[in-house]
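The values are calculated or read from the model by the stated rules, or taken from the named source; none is laboratory data. Small disclaimer: the values here were computed from a predicted structure and weren't measured. Cβ placement follows ideal geometry from the backbone for every residue including glycine, while neighbour counts extend to all protein chains displayed.
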Amino acid sequence: MSDECRGRGFALRPSIVDTPSTTSEPSPGAEQARWFSTEVHPHDGQLKAYLRGSFPAVRDVDDVVQESYLRIWKAKATQPIESAKAFLFKVARHLALDLLRRHRISPIEAGYDFDLSLVLDTAPDAAHALLNEDLFNHVVDALVTLPPRYRDVVEKVFVEQGVGGIRGRI
């Protein structure tokens, strides 16, 4: 440690990398990473092919594979795994079955577009029909009171533009 650092109150900690290890055994995390890369990950392609062939309804096979990797990693940390391939395939199969069960319980998909015109009745209900009839009667009563020339103009506008055209101009 330099005198300059000591004078300012700094204490340099030795780096983990710089410190020579007294044992030649790798850390548990490094050992598990080695185990995963040699025993589990080589089955990636085979696992994806198995899931696509056995569970064609599962849309995102990659998610199932990643979740399987996570679960086998956690299991290895707590218990020894005798056959990584068998355990991996078993976990993936159970995850795929769980997805299918959830899909069967709730078959409605977020992106599905229902044709609501087949379901909804767009005819006016009784209250709207009564209001429309009442409004029509008021308009007819008002037209009858107009002089013939004004009535012809109003009727012509209604015929040419309809009620929507008049509302837009008012």
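Data overview
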| quantity | calculated |
| --- | --- |
| Any hit, the stretch 116-128, residues being of a type in the set (D, E, K, R) and at pLDDT below 85 | yes |
| Conditions (1) within 17 Å of LYS90 (Cβ to Cβ); (2) hydrophobic (A, V, I, L, M, F, W, C); (3) not in a helix (DSSP H, G or I): number failed by ALA57 | (1) |
